[in-house]
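Just below is one structure, and these are the notes that go with it.
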Amino acid sequence: MKFFYSLGSLLWAFHFQAQIRGVVQGVDSLQTKPLKNVKITLLRAGTSVYSNEDGTFEILLGKQSPDTLMFSAKGYRSDQMVVTRSDRFAALHVVLVSGQLIREIVVEGGKDAHGIAKLKTLHVEELTSAEFRKAACCNLSESFETNATIDVSMADAISGAKKIQLLGLDAVYTQLQMENIPFLRGLESTFGMHVIPGTWLESIQITKGTGSVVNGYESMAGLVNLEFKKPKDLPLLYLNAYQNRFGRTELNVQSGQRLSERWHMGTFLAGAGVYGNIDNNNDGFRDQVLSNTFNLLQRFSYQGPRMEAQLGIQAYADDKTGGQMSFSKQNPVGFGMGLQSQHLSAFSKTGFFGKKPGQSLGIIANVKFQDLKGFYGLRTFEGKERRLYLNAIYDGIIGTADHKIKVGASFLGLQIGQFAAQPNGLMTLGNERTEWVPGVFAEYTYSGNRLSAVVGTRFDQHNLAGAQLAPGAHLKYALTPQLDVRATAGRAWRLPNYVMDNLSLLASSKVWLGNQALLPEISYNLGASIVQGFIFNKRKGSLSLDAFYTRFSQQLVADRDTLSNFVVFKNLSNNSLASVVQFEFSYEVLRGLDLRLAYKFQDVRALFDGKLQTQVLLPRQRYFANVAYMTRNKRWACDLTYSRYSAVRLPQNGQGKPWALLNGQITRNWKKTELYLGGENLLNIMQDQPIIGAANPFGSDFDATEIWAPIMGWNAYLGFRFTIK
């Protein structure tokens, strides 16, 4: 009987709760702009939410109606309005007036650490800085440890390079951006994520499937957009220090200054080093690469009455040494690995506001210089990249705010050279090219009470790949106030960098056969998702189910099955595909105690050794659980994440073993300081024989690339965060 009562209560919550949504803007003497972290409270129901980055919000009307909706934000006069059930699905537009003439009211709070962006038409999963604090998140590759959508794995057992996978496909098929600027592309695709500190991030938006055509043509599996902390929101001083038991040390410093009423400056400094000479499996090779990394980002922001801008410059240097325990750069004895990478880039984002509401012109510019040089044993590699990117976007409204249009033009100029060689002449690979890619695009957005749609296309004229079209369509329909259905379809393409895209495969004795013509990779993506939100026993929860299918009409693959001592690069036509289904459940079990469960099945196949086979080293199944608890006074926070992976296929039809990963962290908060203690791989699972032929690294059987599980044992770390606001 109790079961039927609970089921009935759950169905009641699904059907009868009414959703109120809208957008909050703030107006002062300079401009009108969207407001984030505005506290929106239903006074009668006693529930509150906070507005998103773009000012949007959604809240569920309680059992009693009408109710009063209160809006309060730091530096703005509070406002209120009466809402009833007739306002469900209504798009409210609230404008708060600057409170400079009255004493400021400080409102502390924030939005959920993790969740689906409900008001967006595209399937966008957002991770906030609160989610990053659940783990060490020393760099970008570690910022997805509490996330089930993106998988993180090691590329080889020597360099320590980590790679991410979305929809079962490697990161090169995911469009990475920093605030809508192409990021970590080209020569940075293998090691770039290791040098971006997780503490620099304000949020990450993960779009599954085809992204917006405004952002480019490379969104084959999806789009990951990184929002860095803005100068205006930075504290006067922020310090983050980290130390683990394996000799890894990191220090991050951030500082924000107000230069004038309209100008703000932000400084980001990061230094990291790995000094522990560790060989836990006694194979004679270091289990982790020794490294020194220094990173600087200086950015500025301007906010005027008719214009705003973001400017920045970034520089970093990364030096790595790995290989046998006896090897060092001062004493190069035995098998070694080395990497030296230097980076310099600058960006600007400028927005001009028109006289009509919703009318604006945005101009994005980015220039980048990247040099890379290194070696795996006797094999050397190097690369040079010079990149210029421009994008101009016009936003306007057709008639009413329900109909929006974006049109614009982009340009990419790229000079890239990448080379790999072996002294005995068995392998000499190289590709040096210049790309010129002018493009135009248009995108239409419809926002109705229940139905919303984003439809667009872009045309790019590539000097090597020819004329390319990249259309995309996204639909969302609200079946009920809490039940959303989404669908997406699109075409995307990219020109591969087969040396840098597969750089870790140099950590073996296998010879590369890469004399294929350089052809563009082209994919078609279809996807659908269902997201059901609910309130049960006065606590929020959600259920989501999504399925995505990607088919490549053309793809360059690295075949490790056809010949045992070779990596054969092949251009495949209509012989590679990826299907991914993911289910996720989240619920606030008790006040402050959140539970998240997920299951993912992925089937990624291509033509290997003349047969359509599963991609190597990719688990078909993943089980995920995350439990997070925070005390009512927010002084203590605990987090535990468990992932279990199924067995993987190895080259030549070998098979790995299923394995599990357990990570946890405890955080103590004071007014200005946070102290955190954590552990990784707490089950102490290690892969047997991660390096094949370790006793003879210059022999024909040597291979350090068949990695499917951790190669180091349990890890413990300690760190602190200190903030002066």
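Before moving on, here are some points about what is shown:
- Among the criteria (1) at positive phi; (2) of a type outside the set (S, T, Y); (3) at pLDDT below 95, the one I711 does not fulfil is (1).
- Extreme residue, surrounded by the fewest Cβ atoms within 10 Å (Cβ to Cβ), among residues of the range 499-522 that are under 25 Å from A420 (Cα atoms) and under 23 Å from the mean Cα position of the chain (by Cα): D501
- Across the range 703-725, the number of residues qualifying as among the small types (G, A, S) and either farther than 23 Å from V274 by Cβ or not in a loop (DSSP other than H, G, I, E, B) (or both) comes to 2.
- K118 modelled with pLDDT under 80 and closer than 30 Å to V455 by Cα: yes
- Test for S700: is it in a strand (DSSP E or B) and either surrounded by fewer than 21 Cβ atoms within 10 Å (Cβ to Cβ) or modelled with pLDDT of 95 or more (or both): no
- Just one of the listed residues (K368, K373) is surrounded by fewer than 16 Cβ atoms within 10 Å (Cβ to Cβ) and among the basic types (K, R), and it is K373.
- In the range 592-651, of all residues being among the polar types (S, T, N, Q), farther than 22 Å from E680 by Cβ and over 22 Å from the mean Cα position of the chain (by Cα), the one that is surrounded by the most Cβ atoms within 10 Å (Cβ to Cβ) corresponds to Q615.
- Residue match in the range 313-323 (condition: over 18 Å from R262 (Cβ atoms), aromatic (F, W, Y) and in a loop (DSSP other than H, G, I, E, B)): no
- Options S523, S504, S544: the member that is under 18 Å from L597 (Cβ atoms) and polar (S, T, N, Q): S544
- Meeting the requirement of 3 or more residues that are in contact with a helix residue (DSSP H, G or I) (Cβ under 8 Å, 6 or more places away or on another chain), the strands (runs of 3 or more DSSP E) wholly within the range 224-306 are 248-258, 263-274, 290-303.
Residues checked against (1) buried (at least 17 other Cβ atoms within 10 Å of the Cβ); (2) in contact with a Lys or Arg (Cβ under 7 Å, 6 or more places away or on another chain); (3) assigned by TED's automatic domain parsing to the domain that holds D233:
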residue: M307; (1), (2), (3): no, no, yes
residue: I313; (1), (2), (3): no, no, yes
residue: G322; (1), (2), (3): yes, yes, yes
residue: M325; (1), (2), (3): no, yes, yes
residue: G336; (1), (2), (3): yes, no, yes
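- Only residues that are assigned to a strand (DSSP E or B) and either among the hydrophobic types (A, V, I, L, M, F, W, C) or more than 26 Å from E188 (Cβ to Cβ) (or both) were counted across the range 466-520, and they come to 25.
- Hits in the range 632-666 (condition: farther than 23 Å from A716 by Cβ and assigned to a loop (DSSP other than H, G, I, E, B)): R632, N633, K634, S646, A647, V648, G656, K657, P658
- Verdict on G271 being in the same structural domain as A694 (by TED's automatic domain parsing), under 27 Å from the mean Cα position of the chain (by Cα) and surrounded by fewer than 16 Cβ atoms within 10 Å (Cβ to Cβ): yes
- Filtered residues of the range 420-430 (kept if outside any loop (DSSP other than H, G, I, E, B) and either surrounded by 15 or more Cβ atoms within 10 Å (Cβ to Cβ) or of a type in the set (F, W, Y) (or both)): A420, A421, L429
- Answer residue from the range 376-419, given it is farther than 16 Å from L503 by Cβ and of a type in the set (F, W, Y) and is surrounded by the most Cβ atoms within 10 Å (Cβ to Cβ) among those: Y389
- The one condition in (1) of a type in the set (F, W, Y); (2) surrounded by 20 or more Cβ atoms within 10 Å (Cβ to Cβ); (3) in contact with an Asp or Glu (Cβ under 9 Å, 6 or more places away or on another chain) that Y676 fails to fulfil: (3)
- Residue match in the range 120-138 (condition: in contact with a Pro (Cβ under 9 Å, 6 or more places away or on another chain), in the same structural domain as E680 (by TED's automatic domain parsing) and of a type outside the set (A, V, I, L, M)): yes
- Scan the range 219-251 for residues that are farther than 14 Å from L269 by Cβ and of a type in the set (A, V, I, L, M) and the total you get is 6.
- Residues that are acidic (D, E), modelled with pLDDT of 95 or more and in the same structural domain as Q532 (by TED's automatic domain parsing) do occur in the range 578-586.
The values are calculated or read from the model by the stated rules, or taken from the named source; none is laboratory data. Bear in mind that the values here come from a model prediction, so they are computed numbers and not experimental data. Cβ coordinates were reconstructed from backbone atoms using ideal geometry, including for glycine residues, and neighbour counts include every protein chain displayed.
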